[in-house]
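This report refers to the structure that appears directly beneath it.
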Amino acid sequence: MMFQKYIPEIKKHALDDYPNESCGLILKSKGYIRCDNVHICPRESFRVDPKVIIEHGEDILCVVHSHPDGPNYPSKADMVSQIAMGKPWGICAVYGSACLEPFFFGDGADKQPLVGRGFRHGVSDCYSLIRDYYKEEL
């Protein structure tokens, strides 16, 4: 998996920032870096300072954030923002002192197999199965 080696850092960051959403970037040059969540309501959403996004620009491989107390799937805003940015996104659901494995979605994230993939709304659902089959086979 492309981002597997950063999972321990992502999970620790999500736990450290709980109950707020954590946010960070995976960079080609530096790996995972923590970013400050500058959103006005950091318990409900996240925002990376646009200056940080501009500073790292094409060095950004992936945007990562946490979902305190779930859900373990992307929100509509996550999906819209991921598409607009054109980079994979990662989400780590955190529940107090425990967090789930982060998952990554969007073009550029690891492809799941057509057969045997798990279901995750907005990431590996019926639509994504049809889209991926079309890309691979047709």
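The values are calculated or read from the model by the stated rules, or taken from the named source; none is laboratory data. On a predicted model such as this, the values are computed, not experimentally measured, just so you know. Here the Cβ positions follow ideal geometry from the backbone for every residue, glycine too, while neighbour counts run over all protein chains shown. With ligands, DNA and RNA removed, areas are computed over all heavy atoms of the protein, side chains included. Shrake-Rupley method; radii C 1.70, N 1.55, O 1.52, S 1.80 Å.
Counting only other residues whose beta carbon sits under 12 Å from that of K11, what net charge do I get with K and R as +1, D and E as -1? Please list the in-between numbers first.
Numbers: positive: K12; negative: E9, D16, D17, E101.
Summing Lys/Arg as +1 and Asp/Glu as -1 gives -3.
Computing semi-axes √(5λ) of the Cα gyration tensor in Å directly from the structure and comparing it against (1) 24, 17, 14; (2) 29, 22, 18; (3) 22, 19, 14 singles out (1).
The solvent-accessible area of I40, taken with every protein chain present and a 1.4 Å probe, is close to 150 Å².
Taking each of K51/K76; K30/K135; K5/K28; K5/K87; K111/K135 in turn, the alpha-carbon distance tops 22 angstrom for K51/K76; K30/K135. Per-residue ellipticity at 222 nm computed for the chain from its helices equals -8500 deg cm²/dmol, with DSSP H segments shorter than 4 residues left out and the rest contributing -39,500 (n - 2.57). Within the chain, antiparallel bridges make up roughly 75 percent of the DSSP beta bridges whose residues both belong there.
Close amide H partners of C35, meaning residues 5 or more places away or on another chain with modelled amide H under 5 Å apart, are C23, G24, L25. Take the Cα of V80, go 7 Å toward its beta carbon, and the backbone nitrogen atoms of segment 31-59 under 16 Å from that spot belong to 45-47.
Between the C-alpha center of segment 9-31 and that of segment 46-118 there is a gap of 11 Å.
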